[in-house]
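Here the structure is laid out as structure tokens; the discussion comes afterwards.
The values are calculated or read from the model by the stated rules, or taken from the named source; none is laboratory data. This is a predicted model, so every value here is computed, not measured. Virtual Cβ from ideal backbone geometry, glycine too; neighbours counted across all protein chains shown. All accessible areas refer to the heavy atoms of the entire protein, side chains included, with ligands and DNA or RNA removed. Shrake-Rupley method; radii C 1.70, N 1.55, O 1.52, S 1.80 Å.
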Amino acid sequence: VSSKQAGYPARSLSSLFSFFNPFNLGVGEMRLGVCYNVFDSEELLEGSIRSVRQSVDHVVVVYQTTSNFGQACRPCLVSHLSRLEEEGLVDELIAYSPPAVLSDTDVLCCLSKDFDYGAMGADEKRGVTKGEATKALARQYVHETRKREIGRKALARVGCTHFLCMDCDEYYLEAELEWMKKEVEEKKYLATACRMRFFFKSFSLELMPREDKNAVPCICEIREECPFRLQAACPVELDPTRRLENTSHSFRLFERGEVEMFHYSFVRHDIAMKINNVSNKGNLDFVEGFEKAFWLWEEGEPPLHPHPHYRSHFKAVERVEPAFPISLLKICRHCCKSAASTCSKCRKVVYCSAACQRADWPRHKRECGWKK
């Protein structure tokens, strides 16, 4: 039974008003959209959407089947996204294909007016133009910024006034999201952000102590003069691809206890897909051997992390009450549908059918045989 047939709302009334509102009903009220960037960890996408769906009016997914590093997606990504669209969880799918070559104009259009070209080597006296200087800029950051801007513009086209920019592994509590909507609507912030809670291998295992150096964007207003621009000025430390131009003067950082984002970046079926395709891959210093160490890690052992900052910060993994009713041991490793059949050898992954288990075996057989 699809979500639509089961009565799950495809969109709220305010979304319908954005398409048909002859009497100006609801004028001035927030119409909140969400845009997702998707390549991997699609097994977490449905749960993420369900965590916000009751509070948002439109869901856009911008996806790519080839990563910014040239790796192909998992075989069932497109069919999984299509199923979520058919069930009314996703309103619009937009395919993004990273061009093999980005022109200087393509790159410069994604950079903030605050971008430090001098740090990249631009020097008019020496004849080094901005375009030439930015050839050293890692292109994956440009692609991610372009995708987020595509999602923001798609939401603007359907009448959304505000938006959330999210990835598959990001979840919010409905009560906190509803409170945040009221705060943004009342205080008229252009951009907001919150702190994160990081989890490891399970929705009930949290990395500790909590990290307060970095933040993640929350609800932001959609304005033409506030596009996504790489390294736009921001009062707090944010992902450089998730910053909006011209918003730092009207910004709110929500405190812990007000709003937090639950980040399940290390709760996924294929950790190698993440560390080999993440935008800041060049900052990781524990890639070789991490996949095996992650697979063999057991509760009670010290935490693992491929990034030196987080590895030095997190000291323990603590068991907490799961905030969302989801488990990887209920999601098919191959197609992301509900599953209950466990691999009889390792008992760490599940499948919905023998066909899916056979299809996934070329990928699973190496890790299935790993021993401490």
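Observations, loosely collected:
- Alpha-carbon centroids, segment 185-246 and segment 304-359: separation in whole Å: 26 Å
- Expressed as a whole percent, the accessible area of the chain that falls on carbon and sulfur atoms is 51 (1.4 Å probe).
- Solvent-accessible area per residue for the chain (1.4 angstrom probe, square angstrom): 46 Å²
- Fully extending the segment from Asp104 to Leu173 would add 20.7 nm, taking 0.36 nm per residue of separation and subtracting the current Cα-Cα distance.
- For the pair Ser338 and Ala95, label points projected 7 Å from Cα toward Cβ lie 3.1 nm apart.
- Förster radius 30 Å - calculated FRET efficiency between Lys113 and His309, Cβ distance, rounded to 0.05: 0.60
- For segment 277-372, applying the loop criterion from DSSP together with a ceiling of 16 other beta carbons within 10 Å to the GluC sites (Glu not before Pro) yields Glu288, Glu298, Glu299.
- Highest-first packing order for the peptide set 44-56, 84-96 is 44-56, 84-96, based on the mean count of other beta carbon atoms within 10 Å.
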